[in-house]
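I have placed the structure first, in the form of structure tokens, so that the comments after it can refer back to it.
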């Protein structure tokens with residue numbers, strides 16, 4: 001069986017379980033597969049958490065890992081739908097690109113961006129995953145973590161992307177104290193030379209930080225002299241409005 005054929009058959013098996021638990025025989029019949037093939041695929045999918053046996057019985061159902069992944073996608077899409085109009089306003093207000101990101105392991109995952117109206121722009125980072133300590137959106141997420149989770153992150157590898165990247169744990173802790181005090185974080189040329197950014201956290205109804213809003217632009221013009229606090233407060237206000245919509 002080729003790898004592509006295996007994937008096609010695995011999806012056929014998963015599709016049969018969409019309406020509820022089934023035994024191997026029923027899965028094989030509905031997926032139009034030999035029973036031995038269906039059993040082998042179910043065993044492989046179970047090892048990955050994509051399916052599980054229902055209450056210890058011989059029947060299989062969709063697994064928690066698969067459901068968690070799908071719900072995460074749904075949550076991200078909902079967040080994008082709510083946040084996008086605010087990103088448009090923020091890009092117009094600041095004259096720079098505005099973006100949205102969510103936590104993904106030890107990284108932040110950029111899931112939306114509205115480009116700057118300025119003819120000189122930075123690249124679109126949508127789809128990129130970046131280590132949290134090197135970007136403003138990552139710092140505001142780190143600032144929200146419980147102490148054990150934060151220390152676990154700081155104990156891991158802290159990559160230096162440019163000469164300006166802060167990788168010393170004690171210095172990062174000091175920065176996070178300032179982030180909690182100010183409500184936003186600035187990063188200047190720490191992930192990429194020539195780019196500066198500011199971000200603020202988005203909190204859901206439980207108070208948990210579920211993402212971050214950021215604005216970034218070329219360092220030669222962003223932030224303009226004396227405007228760092230004003231820009232930070234604008235991003236914080238946008239994040240607050242997004243959070244209010246999530247809680248409504």
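Read-outs: derived from the displayed coordinates by stated rules, not from any lab. Because the structure is a prediction, the values reported are computed rather than measured. Positions of Cβ are generated from backbone atoms using ideal geometry, with glycine treated the same way; all protein chains shown enter the neighbour counts.
Going by neighbour counts of Cβ atoms within 10 Å, the residues 242, 195 line up, fewest first, as 195, 242.
Each of 164, 84 was scored by other Cβ atoms within 10 Å of its Cβ. Listed from fewest to most, they are 164, 84.
Adding -39500 (n - 2.57) for every DSSP H run of four residues or longer, then dividing by how many residues the chain holds, sets the calculated 222 nm ellipticity at -15000 deg cm²/dmol.
Site pair residue 25 and residue 89 shows an inter-label distance of 6.1 nm when each label is modelled 7 Å from Cα along Cα→Cβ.
One chain, two ends: residue 160 and residue 48. Fully extended at 0.36 nm per residue, the span grows by 37.0 nm beyond their Cα-Cα distance.
Ranked for footprinting exposure by Cβ neighbours inside 10 Å, fewest first, 186, 125, 177 give 177, 186, 125.
Direction-averaged projected area, Cα convex hull, the stretch 3-62: 3.6 nm², rounded to one decimal.
Using 0.36 nm per residue and subtracting the Cα-Cα separation, the extra length available between residue 12 and residue 247 on full extension is 80.8 nm. Helix 169-182 and the longest principal axis of the Cα set of the chain meet at an angle near 80°. Prolate is the label for the chain. Its Cα gyration tensor axes, ordered a ≥ b ≥ c, give a/c of at least 1.5 and a/b above b/c. Comparing Cα centroids, the stretch 9-50 and the stretch 171-200 end up 48 angstrom apart. With 0.36 nm allotted per residue and the present C-alpha distance subtracted, the residue 189-residue 81 stretch has 35.9 nm of extension available.
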